[in-house]
1. Of a type in the set (D, E, K, R) and surrounded by 15 or more Cβ atoms within 10 Å (Cβ to Cβ): which single residue out of R81, R89 fits that description?
2. Does the stretch 7-21 include one or more residues that are among the basic types (K, R) and within 18 Å of A129 (Cβ to Cβ)?
3. Restricting attention to the stretch 47-55, does a residue exist that is part of a loop (DSSP other than H, G, I, E, B), modelled with pLDDT under 85 and at negative phi?
4. Taking the residues in the stretch 113-124 that are of a type in the set (G, A, S) and part of a helix (DSSP H, G or I) as candidates, determine which candidate is surrounded by the fewest Cβ atoms within 10 Å (Cβ to Cβ).
5. Only one of T131, T106 is at pLDDT 95 or above and under 23 Å from N40 (Cβ atoms). Can you tell me which?
6. Listed residues I68, I20; which is touching a Ser or Thr at 6+ places or on another chain (Cβ under 8 Å) and modelled with pLDDT of 95 or more?
7. Tell me the residue from I68, I49 that is of a type in the set (V, I, T) and either buried (at least 19 other Cβ atoms within 10 Å of the Cβ) or under 30 Å from A10 (Cβ atoms) (or both), please.
8. Being small (G, A, S), out of contact with any Cys (no Cβ under 9 Å at 6 or more places or on another chain) and under 18 Å from L25 (Cβ atoms) is the filter here, so list the residues in the stretch 97-121 that pass it.
Amino acid sequence: MSPIGCRILAAIAVLAVVGIAVSSLSLYHHYEKSETSFCNINETFNCDIVNRSVYSEVFGIPVALIGILGYAGLFAVAVFRRARPDAPRMLLAASLAGLAFALYLTYIEGYVLAAWCLLCLSSLAIIAAITALAGVLAVHQRSG
């Protein structure tokens with residue numbers, strides 16, 4: 001792997017760790033019984049509304065836990081499978097799936113719940129950055 005590719009993989013790994021942290025905090029607030037003031041600014045920006053809605057789980061699994069597992073998978077590929085020739089494609093495919101899921105959830109926030117979760121928006125930015133980096137890595141590998 002080229003030095004540029006190694007730096008991109010390192011950036012993806014760091015972003016994945018940040019994604020795990022954001023998703024872990026979101027999971028903690030998902031199970032919190034009382035109202036939290038962490039990111040509840042007003043009716044428009046309120047993590048409790050989003051994190052405790054019927055949309056915060058998929059088949060009984062908290063969306064935040066899905067995020068933790070997804071970011072952990074991205075981290076594992078970026079760190080432990082980096083030497084494999086299919087790693088850039090795996091990262092791109094997985095991050096595109098994560099981005100699509102995050103965009104769907106963002107749609108739910110904005111048009112169904114009419115409330116935004118700052119943690120969720122942070123996770124959206126993280127997965128978007130990972131996807132962009134994975135795309136650059138895949139193009140770099142094909143041209144190199």
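The values are calculated or read from the model by the stated rules, or taken from the named source; none is laboratory data. All figures in this text were calculated on a predicted structure; none of them were measured in a lab. Here the Cβ positions follow ideal geometry from the backbone for every residue, glycine too, while neighbour counts run over all protein chains shown.
1. R89
2. Filtering the stretch 7-21 down to residues among the basic types (K, R) leaves 7.
If we keep only those that are within 18 Å of A129 (Cβ to Cβ) too, we end up with 7.
Yes, the conditions are met somewhere in the stretch 7-21.
3. no
4. Per the criteria, the residue is S122.
5. Matching residue, one of T131, T106: T106.
6. On the way: I20 fails: touching a Ser or Thr at 6+ places or on another chain (Cβ under 8 Å).
Exactly one residue qualifies, and that residue is I68.
7. I68
8. Answer for the stretch 97-121, where residues must be small (G, A, S), out of contact with any Cys (no Cβ under 9 Å at 6 or more places or on another chain) and under 18 Å from L25 (Cβ atoms): just G98.
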